[in-house]
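Following: one structure in structure tokens, then a few remarks.
The values are calculated or read from the model by the stated rules, or taken from the named source; none is laboratory data. These numbers were taken from a predicted model, which means no experiment stands behind them. Virtual Cβ from ideal backbone geometry, glycine too; neighbours counted across all protein chains shown. Ligands, DNA and RNA are excluded from the accessible area calculation, which covers all protein heavy atoms including side chains. Shrake-Rupley method; radii C 1.70, N 1.55, O 1.52, S 1.80 Å.
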Amino acid sequence: MKRERVGVVALVIIVSSWCVSSSRGDLSRSKAPVTFGSLSSSLVLNWVGSSVVFPLHGNVFPTGSYNTTVCVGQPPKPYFLDPDTGSDLTWLQCNVPGARCTPTPHLPYVPNGDLVICTDPICVSLHSSGEYKCDHPEQCDYQIEYADGGSSHGVLVKDVFSFKSYGGGDLTAHLAFGCGYDQTPGSSDPFLDGVLGLGKGKSSIVSQLSSQGLVPNVLGHCLSARGGGFLFFGDELYDSSRIMWTPMWTPMSRDYSEYYSPGTAELLFAGKATGLKNLLLVVDSGSSYTYFSSQAYQALAFAVKKELNGKPFTEAFDDRTLPLCWRGRKPFKNIRDVRKYFKPFALSFNSGGRTKNQFEVPPESYLIISTKGNVCMGVLNGTEAGLDNMNVIGDISMQYKMVIYDNERQLMGWSSTTVDCSRLPISRAIPA
């Protein structure tokens, strides 16, 4: 059921890279260099709804991740975070005695001493029932591990998160997050200050903002293939009638319970069935590439190779950018050079009735051009990557789409047509 609001006007706040001063309790209800936001980013205040918009920076390749700026503390300080719908907890690297940190763009966060206690519902939500013992009742310890081998250990703290609009309106909220004192870099560890957890759990930032009555428990993003894009909290930035909706799948297995999943799908290539059905999919903005289980990956790779038969491509075994690359008669400069030779694939979901919604992935949303000028397939073998039979829709396949996670209605959606994600939204009339 959609949240009802009192009043006729609310704010859409565009979050800038400038951090704003505020008083506590104002509203208490080796990778390529990463691209960051400029501190002079322009802002717009739009009187169209209670939503918060974060400009994104970065790209799938060569940077390998997207990032956004979040301002924390009093006075507020900026931190570059990796938006991750595949995990709940937001954390920053912390400046505490004995901390083991990885390199970051900013000085580590200095905690203010406001600890989250062990019995706090947010703390409890991070641990399996019956598995967590309060060895230190006055604090909440956390440990989070990622699929690429990276990890963060620390304690939960609370501090003020600040967002500033061009028109001078400020939004502040007192939120819980991780103060990480022991970080292990993963194989794809970006040069960032931490992670912005956007999962379904109580500890995620959007869940906390929703519980304080600040925004509906809805989030979405729009990733530009040219780099950048935007992330948003709230439900005022899209026309729901122009979104393809499908129910969120509620898994029986705890291994999948924290992920956003549109359920099971059939894999199609060039509009035709591949014979692969009942593929369980999860959506993860923290994954640069898309991963299919071994059988689905092999079927897709076979279909792509078959489509290239007789065309001016040879497999580039010497290009280690990604497992499957091809070279042409001369180096390619961009995806437009090769798009006509490749076909789209699609994932067909049962939307809860007789209708099936397709998540179509055009060539530009599963291919990259390597630094050697070859074209490479950005769908990888998830089984070989240690994901077992999990199928993951990553950033590359969500480019040119607005993707929405509506926790209020337990629905997932995506725009039915291509969206220019390089433009920040200004109203509900965004093309979708």
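Observations
- The range 69-129 - Kirkwood radius from inverse mean 1/r over Cα pairs (Å): 13.7 Å
- FRET efficiency, 1/(1 + (r/R0)^6) with R0 56 Å, evaluated for Val110 and Thr274 via beta carbons: 0.60
- Prolate/oblate/rounded label for the range 367-422 (Cα gyration tensor, a/c 1.5): oblate
- Extension gain, Gln410-His127: 0.36 nm per intervening residue step, less the Cα-Cα distance, totals 99.6 nm.
- Note on the range 322-380 and the range 210-276: Cα centroid distance 20 Å, given to the nearest whole angstrom.
- The overall shape of the range 147-235 is oblate: from the C-alpha gyration tensor, with semi-axes ordered a ≥ b ≥ c, the ratio a/c is 1.5 or greater and a/b is no larger than b/c.
- Relative to the current alpha-carbon distance between Glu384 and Thr417, full extension at 0.36 nm per residue lengthens the span by 8.6 nm.
- The largest accessible area among His136, His221, His57 belongs to the first residue in His136, His57, His221, and the rest follow in falling order (1.4 Å probe, all chains).
- Spin-label pair Asn334/Lys306, simplified geometry with 7 Å Cα→Cβ offset, distance in nm: 3.3 nm
- Full extension of the segment from Asp148 to Gln74, taken as 0.36 nm per residue of separation minus the current Cα-Cα distance, would add 23.3 nm.
- By the Stokes-Einstein formula, at 0.692 mPa s and 37 °C, the range 256-414 with its Kirkwood radius over alpha-carbon pairs has D equal to 202 µm²/s.
- Filter on Lys277/Lys340; Lys158/Lys200; Lys343/Lys401; Lys272/Lys330; Lys200/Lys343 - keep pairs with C-alpha separation over 29 Å: Lys272/Lys330; Lys200/Lys343
- In the complete set of protein chains, residue-level accessible area for Glu384 is approximately 150 Å², probe 1.4 angstrom.
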